[in-house]
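The values are calculated or read from the model by the stated rules, or taken from the named source; none is laboratory data. As the structure is a computational prediction, the values presented were derived from the model and not from experiment. With ideal geometry, Cβ positions are generated from the backbone for all residues, glycine too; neighbour counts draw on all protein chains shown. Each accessible area value is taken on the protein alone, full model and side chains, heavy atoms only, with ligands, DNA and RNA left out. Shrake-Rupley method; radii C 1.70, N 1.55, O 1.52, S 1.80 Å.
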Amino acid sequence: MVDQNPKRSNEPPVWLMFSAGGMVSGLAFPALILIIGILLPFGIISPDNIIAFAHHWFGKLVILVLTIFPMWAGLHRVHHGMHDIKVHVNNGGLIFYGLAALYSFIVLFAVIAI
């Protein structure tokens with residue numbers, strides 16, 4: 001007999017944030033390392049350009065994407081990695097995903113203040 005009221009999982013939204021963070025990290029971080037770690041120190045790119053980009057609405061969106069999604073991916077990995085090494089935290093999902101949500105709100109307000 002099929003259960004008429006199956007229990008809904010909260011995993012799909014979390015997996016969405018996790019996979020978005022993995023994609024952002026894999027695709028954008030090499031370019032970010034090139035820009036901030038190589039081009040900026042050697043004077044090829046002016047810091048004024050980066051500051052101007054950060055003040056534009058699209059730059060703020062990019063900063064949000066580059067900071068929020070990888071944090072969700074990282075905390076998701078920590079949460080499931082702890083299960084793998086047999087360390088079980090009571091309400092671990094609430095703790096780790098709550099920290100990711102808190103971080104997201106803090107970053108959102110910080111970027112809006114730029």
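Numerical summary
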{"item": "Kirkwood hydrodynamic radius over Cα pairs of segment 34-81, then Stokes diffusion coefficient at 25 °C and 0.890 mPa s, in µm²/s", "result": "196"}
{"item": "Rounded to the nearest 10 Å², the accessible area of Trp72 at probe 1.4 Å", "result": "30"}
{"item": "Solvent-accessible area per residue for segment 4-114 (1.4 angstrom probe, square angstrom)", "result": "70"}
{"item": "Under the Debye formula (equal points on every Cα, no solvent term), log10 I(q)/I(0) of segment 48-113 at q = 0.12, 0.22, 0.26, 0.29 Å⁻¹", "result": "-0.41, -0.86, -1.04, -1.17"}
{"item": "Sequence of His56, His79 from largest to smallest accessible area, 1.4 Å probe", "result": "His56, His79"}
{"item": "Sites Ile38 and Asn91 - FRET efficiency at Förster radius 30 Å, r taken between beta-carbons, to 0.05", "result": "0.10"}
{"item": "Area of Met82 that stays accessible when all protein chains are in place (1.4 Å probe, Å², to 10)", "result": "50"}
{"item": "Length-normalised contact order of segment 48-113 in % [C-alpha pairs under 8 Å, at least 6 apart]", "result": "41"}
{"item": "Apportionment of accessible area to carbon and sulfur, segment 48-113, percent (1.4 Å)", "result": "75"}
